[in-house]
Amino acid sequence: MPASEDDRTREGLGQVALIWGLGRFGGGLGSLLHLHRRGYELRIMDRQDPADLRRELAQVAELDEMPTMLPEVAESLEGIDLLVINPAIPLGHPLLAQADQAGIRQTQELDLFLGAYPGRVHAVTGTNGKSTTASLMAEGLRALGRDVLLGGNIGKSLCLDETHWRADQDAILEISSFQAARLETRRIDTLSFTPILRDHVAWHGSLERYQSDKLRLIGACRAEARIYGFARCPVLTRATQRFPERAIILLGGPAERRPGHLPNGTPYLDERQDLIHSGHKLLAADAFALPGHFNRENLLLALASLELDLDSARTALRGMQAFRGLPHRLAPAGMRHGVRLIDNGVSTVLDTTCLALDVLAADLAPGTRLHLVLGGKPKEPSLDEALERLPGPAASLHLFGQVGPRLASLLLDHGLATPTLSDRPTQALACALSTARPGDTILFSPGLASQDQFPNFRVRAEEALAWWNR
């Protein structure tokens, strides 16, 4: 059970906590309420307009007084005992160095949660597929009658659910590389890795640091925790030598079909991509509701990480099969003039866009074509990956946003494509629609960061869908 009200109130008496970055998905607000319940005096340091922050906080009935609003300057650190850092704050931000010099304790919302939560914790990380894998795990546990919380980087602070915390409960946490880079609490009961590819290199400083920050989560596991991932991920394969004392279980390799290779009847995908558990076929390759090999891997990882016997796995799988996917992930978005739109707006890296192209191209009817809408802000200076992988199977390419002029010029110079060029994603969609014929498919899969024009990928995708469905 959570700590009693008296214990929580005493914990922070006489202490001042500064929430640096309230954020848009509840992490800052969750931290605020968590520390308010423990008696801390609260302050907020944020770039947002204080009036906007006050309107947001006014909706929180539990706050008996409005926290002090402070600008993002060094003077705002004066008199602070605890600094709660938004995950998006860069590791090299100069105010962090000043907080270190002043001896201010530093933490993040995820550590606050893990330090207080009484139930079981299942963490999911990786580059792509984290949210889907975490959601599948939650649905599987619910089908077994378990009480489940789902949160973290998927868009919800579980500190907001503190009144519902229980010891006999499972928390499924999606953890980003930004959160992993700062995580200190050793509290994870099972850890699942989707493949670690390339992302957020500019934020972490290098690809090696991005990979290393992901692997920091291994150190956040309990000593007895099992860690699941894929043999095709070289980063995790190397981690088995780096952490020989850890139970790292690699799925997807040819050795896994040998008797005794996987513990406890761990499920696997056979040569036909059917899902097998303890010698029984649980699901045919073409029977899973979500498209693509990568989603079958997400399903395998979710089911394996739950460590279930055959009967329980069958029950959990029924819950997972009922899951129809998260928004903006290869989601059908309706027809216009006989042309269908597929919304893959979650994509902020080219890898997920190329996977989506391959999945859709494999299912195209004869004589129909695929058109790609892509754009946004590059996460790295080089566009070499785009030159190597675009336009792929797409018959036409329609660019928007900051990357557009530079990428269009490079593609033309290399004779790879003649893309259209637009400012907004809606304009690029209009260009794609004018190019398409009845029966064709348009894939909206930006493949780059959204921050050139939008606060996040969701806002960008919702603008595109609103235009398509108007």
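We did not get these values from a lab; they are worked out from the coordinates using the rules stated. Note that this is a predicted model, so its numbers are computed, not measured. Methodologically, a virtual Cβ is constructed for each residue, glycine included, from the backbone with ideal geometry; neighbour enumeration extends over all protein chains shown.
Below is a table of values for the structure above.
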quantity: Values of log10 I(q)/I(0), in the order q = 0.14 Å⁻¹, for region 311-427 under a Debye, Cα-only, solvent-free model; calculated: -0.66
quantity: Sum of -39500 (n - 2.57) over DSSP H runs of 4+, divided by residues of the chain (222 nm, nearest 500); calculated: -10000 deg cm²/dmol
quantity: DSSP beta bridges in region 331-468 [antiparallel fraction, %, rounded to 5]; calculated: 25
quantity: Residue 15 paired with residue 324, simple spin-label distance in nm, labels 7 Å along Cα-to-beta-carbon; calculated: 4.5
quantity: Dipole moment magnitude, nearest 20 debye, region 52-96 about Cα centre, only Lys, Arg, Asp, Glu C-beta charged; calculated: 180
quantity: Calculated FRET efficiency for the pair residue 335/residue 406, C-beta based, R₀ 30 Å, to 0.05; calculated: 0.35
quantity: Two-decimal log10 I(q)/I(0) for the chain, as the Debye equation yields it once each C-alpha is a single scatterer, q = 0.09, 0.10, 0.11 Å⁻¹; calculated: -0.66, -0.82, -0.98
quantity: Sites residue 281 and residue 106, calculated FRET efficiency, Cβ-Cβ separation with R0 56 Å, nearest 0.05; calculated: 0.65
quantity: Segment residue 271-residue 362, length gained on full extension (0.36 nm per residue, minus Cα span); calculated: 30.9 nm
quantity: Pairwise FRET efficiency - residue 166 versus residue 240, Cβ, R0 = 30 Å, nearest 0.05; calculated: 0.30
quantity: Antiparallel bridges, percent of DSSP beta bridges restricted to the chain (to nearest 5); calculated: 15
quantity: Extreme residue, positive dipole direction of region 5-107, given options 91, 14, 48 (C-beta unit charges); calculated: 91
